[in-house]
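Have a look at the structure below, then the notes.
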């Protein structure tokens with residue numbers, strides 16, 4: 001079945017550091033790929049998405065590129081801020097389906 | 001515009017009891033999905049409803065049921081609660097079911113089963 005594997009956390013960085021959170025997936029066909037963020041005590045917010053190979057999703061300084069050849073969708077940000085501290089989830093959705101399949105999440109803490 | 005709303009925010013139940021969780025989608029959204037998020041894990045898909053019909057079901061026992069009302073709000077029911085049902089229950093709404101629309105999540109209902 002479909003699955004998403006994320007980099008193990010927690011990840012702790014200093015402010016202004018470069019961030020990479022790895023995400024790989026297993027799915028048939030060409031799923032859409034997503035990054036969601038969950039701040040403490042809140043629900044999920046869509047951070048960015050990509051719907052086809054080589055698409056780059058971006059938002060709030062975060063970027064991720066849909067790599068079909070490596071089945072990956074790694075999240076990157078050039079300079080993190082304390083306010084980026086949250087749990088990040090990579091997810092996929094098969095074409096024509098509603099169901100989102102999530103990874104286990106990566107907790108990110110940014111220290112001032 | 002108001003986002004997805006869920007009630008209650010927190011709930012404490014004992015084993016064997018029944019619980020009903022409620023979700024109101026974003027205005028104009030006709031599709032509602034439910035997810036269970038156990039502490040430290042990613043959300044797991046439970047149900048999807050569109051136009052009051054069940055369109056998808058995850059790998060959950062029959063103790064879990066749901067329905068959607070004419071105003072597109074939804075309820076998730078869990079019977080015979082087990083300790084393992086303790087989780088954050090998330091509701092997500094979307095406009096149409098072409099598979100390309102974005103799902104917007106509510107803040108969740110945190111259920112604790114003692």
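Taking the condition more than 11 Å from chain A (Cβ to nearest Cβ), surrounded by fewer than 17 Cβ atoms within 10 Å (Cβ to Cβ) and within 21 Å of residue A:39 (Cα to Cα), does residue B:82 pass?
Working: more than 11 Å from chain A (Cβ to nearest Cβ): yes; surrounded by fewer than 17 Cβ atoms within 10 Å (Cβ to Cβ): yes; within 21 Å of residue A:39 (Cα to Cα): no.
No; evaluated as a whole, the condition is false for this residue.
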Can you go through B:55, B:22, B:67 and tell me which one is more than 19 Å from residue B:107 (Cβ to Cβ), at pLDDT 95 or above and in contact with a strand residue (DSSP E or B) (Cβ under 7 Å, 6 or more places away or on another chain)? B:67
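Of everything in the range B:51-72, what is within 11 Å of chain A (Cβ to nearest Cβ) and over 13 Å from the mean Cα position of the chain (by Cα)? Give them in sequence order. So that I can check it myself, show each step before the final result.
Going through the range B:51-72, the residues within 11 Å of chain A (Cβ to nearest Cβ) turn out to be B:55-59.
Of everything in the range B:51-72, those that are within 11 Å of chain A (Cβ to nearest Cβ) and over 13 Å from the mean Cα position of the chain (by Cα) turn out to be B:55, B:59.
Mind checking which residues of the range B:28-43 are assigned to a loop (DSSP other than H, G, I, E, B), at the interface with chain A (Cβ under 7 Å from one of its Cβ atoms) and either closer than 14 Å to residue B:106 by Cβ or out of contact with any strand residue (DSSP E or B) (no Cβ under 6 Å at 6 or more places or on another chain) (or both)?
B:41, B:43
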Determine which member of the set B:96, B:46 is in contact with a strand residue (DSSP E or B) (Cβ under 6 Å, 6 or more places away or on another chain) and within 28 Å of residue A:90 (Cβ to Cβ). B:46
I need the full set of residues from the range A:34-54 which are within 10 Å of another protein chain (Cβ to nearest Cβ), free of Cβ contacts under 8 Å to residues at least 40 places away in the same chain and under 11 Å from residue A:91 (Cα atoms), in order please. A:46, A:49
Positions within the range A:69-101 being surrounded by fewer than 19 Cβ atoms within 10 Å (Cβ to Cβ), under 30 Å from residue B:57 (Cβ atoms) and at pLDDT 95 or above, in sequence order: A:71, A:72
The range B:31-54: number of residues that are surrounded by 16 or more Cβ atoms within 10 Å (Cβ to Cβ) and over 21 Å from residue B:80 (Cα atoms): 8
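Of A:91, A:64, which residue is closer than 21 Å to residue B:38 by Cβ and either part of a strand (DSSP E or B) or within 13 Å of the chain's Cα centre (by Cα) (or both)? Spell out the reasoning first.
Working: A:64 fails: closer than 21 Å to residue B:38 by Cβ.
When all the criteria are applied, what remains is A:91.
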Report, by residue number, each residue of the range A:1-23 that is under 27 Å from residue B:108 (Cα atoms) and in a strand (DSSP E or B). A:3, A:4, A:5, A:6, A:11, A:12, A:21, A:23
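The values are calculated or read from the model by the stated rules, or taken from the named source; none is laboratory data. Since the structure is predicted, the reported quantities are computational estimates derived from the model, not experimental observations. All Cβ positions, even for glycine, are placed from backbone atoms using ideal geometry, and neighbour counts span all protein chains on display.
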